[in-house]
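Since the structure comes first, as structure tokens, the remarks are kept for the end.
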Amino acid sequence: MNTLAVLHAAQLVTLAGPERPRVRSEMNEVAMIKDGGMLVQDGRVVRTGSSAEIEKALPAETPIVDATGKVVLPGFVDAHAHPVFAGDRVEEFEMRARGATYEQIAAGGGGIRSTVRKTRAASEDELLAQAKKHAQWFLHGGTTTVEAKSGYGLTLEDELKILRVIRRLNTETPIEFVPTFLGAHAIPDEFRSAPEQYVALVIHKMLPRVAEEQLAESCDIFCERGYFDLADSEKILRAAMEYGLRLRMHVDQLTNSGGAFLAARLRAATADHLEQANADEIAALRDAGVQPVLLPGSVYSLGKTRYPSAREMIEAGLAVVLATDFNPGSSPTPSMPMVLSLATTQMKMTPAESVTAATINAAYSLNRGDKIGSLEAGKLANFALHDCADYRELAYYFGVSQTHSVYVRGERVF
């Protein structure tokens, strides 16, 4: 039996609580233990409490992690990311600095389609090598679980290639990558004059192969003007449901096209972005039990000023999630602490609400709330030590990593 004890944490933030996503005032209840301790056996949490309580019950010769002066948190759960791609979009970054908009760049053949061209040209091994570097970046920020979307291939073979890379990441890195099929990310160049043919390709060719090879748990779609309209989005998502895939949706990012109402009608697991969502859509998402995944990093990176209405969502009773939207174009950050900073400064979420949204609520959005997202008996011992004495400092300081060490299933991986 492999045993480990963590002792004398300035704050052990357990997020223990009801066995469901947290809403309203619950999002401020992080179940923090001062001078906290934790016992881990065979990769799972056995017990948490004061260090004195844990120390009394330790088996002989138990290895000790001294967390004196540090915060111990569950590993962050990044519930919206695009970590597998080739190249970068630094040139477009400079174009935006010179005044071009994201929409203008996309209309000129840049944006998603730019990364598609580079990703198609890369081999599976080349994509894997770059994605492994990204995995290290996630670990440096204290993230131990990442939702990973395809969507930069937009052909049958290239989408499968990306999903196979994600599967390899799960065996070749310490992070758990949760695979999502995003073949409906954009209309590729070769189908610009016949988008209905691409929709048919996604439904009749891609989805069957993804399901046959068990390469994804969810299906996502970019429901947005110039990408996939409501009718095509519904066709693709209903087809995905037939294959047993959970539904996730990019909606109301650049414009309000009614995507949140569709997410509610289909009872999707999540509706992501929501910068343009209104009060009626927020109410519809609440009534349907859809979790909003808010991505302030993309608003910041694109130089926009309209952030999602996080306070209104929390007050309405939505189980808000925060994620990085890590991608090469609109949100090139894998840092959950940076997202916590943006959530508090730009969306007026409290540090506690932000931590809840980036751990236990995110875990439930990925159908893993019973396994990760909090430090409770029976859950996986995925946690990080942060070099600060108050968890609020993770949102307070930005542009610097305070991550001291990261553990996955009780093993130190960073």
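Enter the accessible area of ASP88 (Å², nearest 10), with the probe set to 1.4 Å and all protein chains included.
Looks like 80 Å² after rounding.
Got the relative contact order for the chain handy, in percent, Cα pairs under 8 Å and 6 or more residues apart?
Result for the chain is 22 percent.
Which order do you get for ARG248, ARG368, ARG117 if you rank them by accessible area with a 1.4 Å probe, largest at the top?
Details: ARG248 0, ARG368 30, ARG117 115 Å².
From most accessible down to least: ARG117, ARG368, ARG248.
May I ask you to rank HIS134, HIS8 by accessible area, largest first, using a 1.4 Å probe over the protein chains only?
Largest to smallest exposure gives the sequence HIS8, HIS134.
Any idea of ASP220's accessible area? Nearest 10 Å², probe 1.4 Å.
Rounded to the nearest 10, the figure is 0 Å².
Which distance in nm do the two modelled labels at GLU19 and THR305 give, with both placed 7 Å along the Cα-to-Cβ direction?
4.8
Read phi for every residue in the range 33-43 and hand back ³J(HN,Hα) as whole Hz from Karplus 6.51 cos²θ - 1.76 cosθ + 1.60, θ = phi - 60°, with x for Gly and Pro.
So the Karplus estimates, Gly and Pro as x, are 10, 6, 6, x, x, 8, 9, 10, 9, 6, x Hz.
Per residue, what accessible area does the chain have, given a 1.4 Å probe and all protein chains present, in Å²?
Numbers: 15740 Å² over 414 residues.
Accessible surface, normalised per residue, equals 38 Å².
What percentage of the solvent-accessible surface of the chain, computed with a 1.4 Å probe over protein heavy atoms, is contributed by carbon and sulfur atoms?
Using a 1.4 Å probe with all protein chains present, the chain comes out at 50 percent carbon and sulfur.
Please state the charge dipole magnitude for the chain, taken about the Cα centre, from unit charges on C-beta atoms (+1 on K and R, -1 on D and E), reported in debye and rounded to the nearest 20.
Using Cβ point charges on Lys, Arg, Asp and Glu, the chain gives about 20 debye.
Just in the range 156-197: which chymotrypsin sites (Phe, Trp or Tyr not before Pro) are loop by DSSP and have at most 13 other Cβ atoms within 10 Å? Could the numbers behind the result be given before it?
Working: sites: PHE177, PHE181, PHE191; in loops: none.
Loop-located and lightly packed - none at all.
Near the amide H of GLY69, under 5 Å away, which other amide H atoms are found, from residues 5 or more places off or on another chain, if H is placed in the peptide plane?
ALA10
For ALA148, enumerate residues with amide H under 5 Å from its amide H, sequence gap 5+ or separate chain, H modeled in the peptide plane.
HN-HN under 5 Å from ALA148: VAL178, THR180.
Tell me the accessible surface of GLU212 in square angstrom (1.4 angstrom probe, heavy atoms of protein chains only), to the nearest ten.
140
Where a ≥ b ≥ c are the square roots of the eigenvalues of the C-alpha gyration tensor, would you call the chain rounded, which needs a/c under 1.5, or, failing that, prolate if a/b is larger than b/c, or oblate?
prolate
May I ask you to evaluate 6.51 cos²θ - 1.76 cosθ + 1.60, the Karplus curve with θ = phi - 60°, for each residue of the range 341-357 and list the ³J(HN,Hα) values in order in whole Hz, giving x for glycine and proline?
4, 5, 5, 7, 7, 9, 10, 6, 7, 6, x, 5, 4, 5, 5, 4, 5
If you take all C-alpha pairs in the range 286-414, what percent of them are over 21 Å apart?
Here the long-distance tail beyond 21 Å is 42 percent of all Cα pairs in the range 286-414.
Short version: ³J(HN,Hα) in whole Hz for each residue of the range 397-403, in order, from phi by Karplus 6.51 cos²θ - 1.76 cosθ + 1.60 (θ = phi - 60°), x for Gly and Pro, what are they?
Residue by residue, the range 397-403 yields 8, 9, x, 9, 8, 9, 6 Hz.
The values are calculated or read from the model by the stated rules, or taken from the named source; none is laboratory data. Bear in mind that the values here come from a model prediction, so they are computed numbers and not experimental data. Cβ atoms come from the backbone with ideal geometry, glycine included; neighbour counts cover every protein chain shown. Ligands, DNA and RNA are stripped out before the accessible areas are found, and what is left, the full protein with its side chains, is counted by its heavy atoms. Shrake-Rupley method; radii C 1.70, N 1.55, O 1.52, S 1.80 Å.
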